[in-house]
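Here is the structure we will look at.
Each reported figure results from applying straightforward, stated rules to the coordinates on display, with no laboratory input. Model, not experiment: these values are computed from the prediction. Cβ coordinates were reconstructed from backbone atoms using ideal geometry, including for glycine residues, and neighbour counts include every protein chain displayed.
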Amino acid sequence: MISKCIMLLTSVIVCSMLIFTSGCFERNDPITALGSTSKADEALKKAETILEKIGITFTLKDPGGLTNPEDLVPNLGNVLRELGSVEKEMDLEEAVVQLNIVLSELEQEAKGESSLSDMAMVHFYLGITYLLDAVSRFLISDDPEETFIIEYDPKSPSGKWFAFDISMRVKVKLVLTDNPLDYPLIFTLKERQAFIDAADLIGDTKLKPRAPNIQPQSSSVDRPPFLKSALWHLEQAVNFAQQYSPDLVEIHEEFNRNISDLEDTIRQDSVDWGYTYILPPWR
Amino acid sequence: MVIKRNLLLFASLMFVLIFIASELFASGVESIVSQYKSIRPMGMGNIFTTITDNGDAFYYNPAGIANINHPLFAFQPLRLLITRDLYDEIGNITQLADDVGKVRQSDDPLNNPDVADERQRVLNRMERMFYETLGMDIATPTQITFPVNIRNFNLAIGATVNGWSESKVKVLRHGLRWKSFAQDILDDEILYRIIAETSYGVTTAFKFPISLLSLPIELSMGISAMKINQMLITDEDDLLSVSDLLNPNGKDNIKGTADDFENHFFNPDDPFACISKGEGYSVDAGVIVLLTNKAEVAFSLRNLMGKITYDKTKKLPKDFAISIVVNLTKLPHLNIPMMDVILATGLDSLSNKTGVQLGLETILKPLKFLSISGRIGRNQGYTSLGAGVQLLFLDLDYAFYCDTFANWHAFSLKMAFQY
């Protein structure tokens, strides 16, 4: 009987070994970390790939780089000049789609474990992508002749990183137009659409012509995936960055102030060009 | 017929116990709770509750010392566990030192193109090391056991002294997986635990024959009590995050408050000033049911009672292990001389991860004073391997062991004198 008992136990052990010893020595550490989801990681990867394809590389060489947010996109000046293609604008829109997925996953699915730095950086990425999309729309509308001039220089003597202007050709046309209410007609339909969209993308600002005889155009980005605006996302980035490290606030606010200056310039110019504007309630 | 039914009942009961226990003690939380591990069991999935025929019984199952038939003195001058990551890093330390030296000698270490390759290698190495698991475990256990045989009754009394030190550091990934390393680490947390312990205690066990469910068996029961003194530096209760490193004045950004880095974690200028000293005790108990010399079933309860007092008293987590072992070479019609093939399965609640432990050890005994062992095992879903040579009183063991914390290389040299 003892032998039978031992045989039974042996069978139990052998069966257990056969069942449980599958596998190898390598560790299977979880790919998706706490505070993220596989969908969020996947969407972020896609967004980063798209932005890299456009030429935007967010380079944070070390955590200390957070104190210089303008250095996060070191080649922004070159990228801005190359954004005048429909393909790139479509890519930017797709990047916004993917980043919205990331944000939604972090807010709803990460079970309250999403990190402050992730939230800050996703909002920062979204803010920059909205801004680039706005610039892209300006440059696409320049077909065939240049109308809008946008430059980026964080070391500009004026202290403003972004310079927004119109070409001399358009300035001459403005001077030659007698009635300021007719100024919008100086711009082509496409150009008018570009700065209406850009104002919406950057600051959620709604523009419409002052003159009743000019057919108002509505923003073409008042739809998904453009749920917010660059300034809104950048402000959110500051809020999260502040909670992550109070030292970061002043520097990020400096960054946002420069984007806000750009939006101010566009908005004031649009007033000069015969438009009125409505700011969103959050501003 | 009655015996057969009893056997089935017995086997069923064992399985029910193992699987109920696996559910009760299962937890998805990764833990770096430590348990003394001996190298021989590590090679076979750390299953040793039953195979306690040497000094390891003091730590795995106190009932095991009742199986020691002659006075035994065992001492381990060398016992080292090192994570594979740390082992690899130490192996390549010369390259790192050369690269760092060249970069540092440069006039412009950050931008000099002449040391670009060295700089890149150092950065790559740092990035790799950040996600490696670094750990080391050193101990020098010493045991002495005196058995007393009175007819069929065997009583053993033993004493043990152990000095043990363990250091573990691991980065726990958190949040989104960014392409850039520097972005990725911003929300990661660093788990560290450095412990130095001295412990001493006594163990007693006795073995006697009984009849259980009509089966003639030998029952061993043992209990041990240990006095423990510990020194500990850890952030287990409140993990150190990268943002803590970036905020030396804490989240309120006001120097001199409780959330300052040096108040919350440690003073970087004097990291050892924050060592916590604790003392306490633990009581372990165990039972082994020996079905002749062919098979055993064992159950042990570690920290049945126990606590460590630091600033506040902490109860030691209770932990149980249950296992079955069969010596295949002793089976009827298979009585192979000069060889043991030991097969074991069981469950240990300490690893916090549901899974059955499995172990197989083959021991060749070509000479009376020489034995050579090969081992394979499975512990909480990870495979382990081991080998050992026993020559007279010298016992040399190696194990490649994987657990929820890391993959380990483990070595030991033991001297065991039996009279």
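Region B:347-407 and region A:79-149 have their alpha-carbon centroids 55 Å apart.
For B:F320, the amide hydrogen comes within under 5 Å of the amide hydrogens of B:R302, B:S349, B:L350, counting only partners 5 or more places away or on other chains and with H modelled in the peptide plane.
Among the residues of A:242-249, the average count of other protein chain beta-carbon atoms within 10 Å of the residue beta-carbon is 4. Applying 1/(1 + (r/R0)^6) with r as the Cβ-Cβ distance of A:K171 and A:E107 and R0 = 41 angstrom yields a FRET efficiency of 0.35. The Rg/Rh ratio of region B:194-248, with Rg taken over Cα atoms and Rh as the Kirkwood radius over Cα pairs, comes to 1.43. For region A:127-141, 3J(HN,Hα) computed residue by residue from phi via the Karplus equation (6.51, -1.76, 1.60; θ = phi - 60°) reads x, 5, 5, 4, 4, 5, 5, 4, 4, 4, 5, 4, 5, 5, 6 Hz, glycine and proline entered as x. Between rounded, prolate and oblate, where does region A:36-278 land on the alpha carbon gyration tensor, with a ≥ b ≥ c its root eigenvalues, rounded for a/c under 1.5, else prolate if a/b exceeds b/c? Here region A:36-278 falls in the prolate category. Shown in residue order for region B:115-126 are the 3J(HN,Hα) couplings computed by the Karplus curve 6.51 cos²θ - 1.76 cosθ + 1.60 at θ = phi - 60°: 10, 4, 5, 4, 4, 5, 5, 5, 5, 4, 5, 4 Hz (x for Gly and Pro).
Couplings 3J(HN,Hα) of region B:155-160, computed from phi: 10, 10, 10, x, 9, 9 Hz, in residue order, whole Hz [Karplus 6.51 cos²θ - 1.76 cosθ + 1.60, θ = phi - 60°; x for Gly and Pro].
Comparing B:I372, B:L239, B:L219 along the charge dipole axis of chain B, the residue lying farthest to the positive side is B:L219, per the Cβ-charge model.
Summarising the amide proton neighbourhood of B:S384: residues at separation of 5 or more, or on other chains, whose placed amide H is nearer than 5 Å comprise B:G45, B:G377, B:R378, B:N379. Net charge dipole, the protein assembly as shown: roughly 4400 debye, given to the nearest 20, about the Cα centre with Cβ charges of +1 for Lys and Arg and -1 for Asp and Glu. When a/c reaches 1.5 or more, the comparison of a/b and b/c decides; with that in mind, is region B:2-418 rounded, prolate or oblate per its Cα gyration tensor? The shape class here is prolate. Residues whose amide H comes within less than 5 Å of that of B:L215, counting only those at least five positions distant or on another chain, are absent (H built at 1.01 Å from N in the peptide plane). For chain B, the relative contact order is 21 percent, taking Cα pairs closer than 8 Å that sit 6 or more residues apart in sequence and dividing their mean separation by the residue count. Only Lys, Arg, Asp and Glu carry charge here, each on its Cβ (+1 for the first two, -1 for the last two); on that basis chain B has a dipole of about 2320 debye about its Cα centre. Beyond 17 Å, what share of the Cα-Cα pairs of region A:137-210 remains, rounded to the nearest whole percent? Considering region A:137-210, 53 percent of its Cα-Cα pairs are separated by more than 17 Å. For the protein assembly as shown, would you read off the P(r) tail past 50 Å as a percentage of all alpha carbon pairs? Taking all Cα-Cα pairs of the protein assembly as shown, the fraction more than 50 Å apart is 36 percent. Think of chain B as a dipole: +1 on every Lys or Arg Cβ, -1 on every Asp or Glu Cβ, centred on the Cα centre; then among B:T404, B:Y36, B:P109, B:Y36 lies furthest on the positive end. Considering only B:Y281, B:I82, B:A196, and ranking their Cα positions along the charge dipole of chain B that arises from unit charges at the beta-carbon of Lys, Arg, Asp and Glu, the one farthest toward the positive end is B:Y281. On the basis of the beta-carbon distance and an R0 of 22 Å, B:E127 and A:N75 show a calculated FRET efficiency of 0.45.
Counted by neighbouring Cβ atoms within 10 Å, the residues B:D244, A:D264, A:D178 run from fewest to most as A:D178, A:D264, B:D244. Straightening the chain between B:T198 and B:L80 buys 40.9 nm, computed as 0.36 nm per residue apart minus the Cα-Cα spacing.
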